[in-house]
Amino acid sequence: MHGGQRLSDRARGLQLAELLATRFSHDLSGPLTGLAVALGEAPADAEALALAQQAAAALRRRLALLRAAWGAPAALSATALRELAQGLPNAPRLQLELAGPIATAVLPPVGARLLLNVLLLAAESLPRGGAITLEGDPAQDVMVGLDGAGAGWPEGLAAMLADPDAAWTGLPAAPRGPRLQAALTALLAQQAGARLRLLLAAGADDAPPLLIELPPVPA
């Protein structure tokens, strides 16, 4: 089978993943909403009830983020991007900073989904918390910076970003953890015609910034 056909099959696989993620999110959103309502009305220990309500709220935020990141692409405002970031793993220990045009822009669908997946990857790359900075213009290039103790992109990320085969190879080897998100992010970028690459770090102990070169927005 020639290379063009392989890429077509892979694109169909990503489309199937979009549909499954959307259906998964739809099927769970109703029960989660019902759980939150029930917990709000049920008599229980006040502390335990508060914890349960917090857990239900965290699940709703995570579900909203995953639906936007893994489902069909949709445009997002900068405000919506910040709200969805509340569903990131370890969100209470993360700060999202937007600088430049991205701080007020409306992100086009493909760019928005790619940026959400980069945020998921960045959150997993800050195991002790810290700051994620997005700077630039979402219609062109966006720079992603990590700042925090133990910050570091997953091993093999540069190879996955440069080679589609390396990204596909990374999927079965990492059912959980940042390597899975790294591979998925690389594949989404390749499908979208975007280019992601790691630049030189400012210092030996710093995580290198990630440059996202987004494809032109169709007229």
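The values are calculated or read from the model by the stated rules, or taken from the named source; none is laboratory data. What you see is a predicted model, and the numbers here were worked out from it, not measured in a lab. Don't worry about glycine lacking a Cβ; one is built from the backbone with ideal geometry, like all the others, and counts go over all protein chains shown. Ligands, DNA and RNA are excluded from the accessible area calculation, which covers all protein heavy atoms including side chains. Shrake-Rupley method; radii C 1.70, N 1.55, O 1.52, S 1.80 Å.
Okay, here's what the table says:
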quantity: Residue within the range 84-96 that is within 16 Å of the chain's Cα centre (by Cα) and among the charged types (D, E, K, R) present; calculated: no
quantity: Test for residue 80: is it within 22 Å of residue 18 (Cα to Cα), touching a Leu at 6+ places or on another chain (Cβ under 7 Å) and at pLDDT 95 or above; calculated: no
quantity: Residue in the range 183-194 that is modelled with pLDDT of 90 or more, assigned to a strand (DSSP E or B) and surrounded by 13 or more Cβ atoms within 10 Å (Cβ to Cβ) present; calculated: no
quantity: So residue 105, is it in contact with an Asp or Glu (Cβ under 9 Å, 6 or more places away or on another chain), open to solvent by less than 60 Å² (accessible area, probe 1.4 Å) and of a type in the set (Gly, Ala, Ser); calculated: yes
quantity: Some residue of the range 127-148 being of a type in the set (S, T, N, Q), open to solvent by less than 70 Å² (accessible area, probe 1.4 Å), at pLDDT below 90 and over 23 Å from residue 17 (Cα atoms); calculated: no
quantity: Members of the range 97-120 found to be under 15 Å from the mean Cα position of the chain (by Cα), of a type outside the set (Lys, Arg), under 16 Å from residue 214 (Cβ atoms) and in a helix (DSSP H, G or I), listed by number; calculated: 109, 110, 111, 112, 114, 115, 116, 117, 118, 119
quantity: Residue satisfying all of: in the range 45-71; closer than 25 Å to residue 184 by Cβ and open to solvent by less than 60 Å² (accessible area, probe 1.4 Å); modelled with the lowest pLDDT among these; calculated: 58
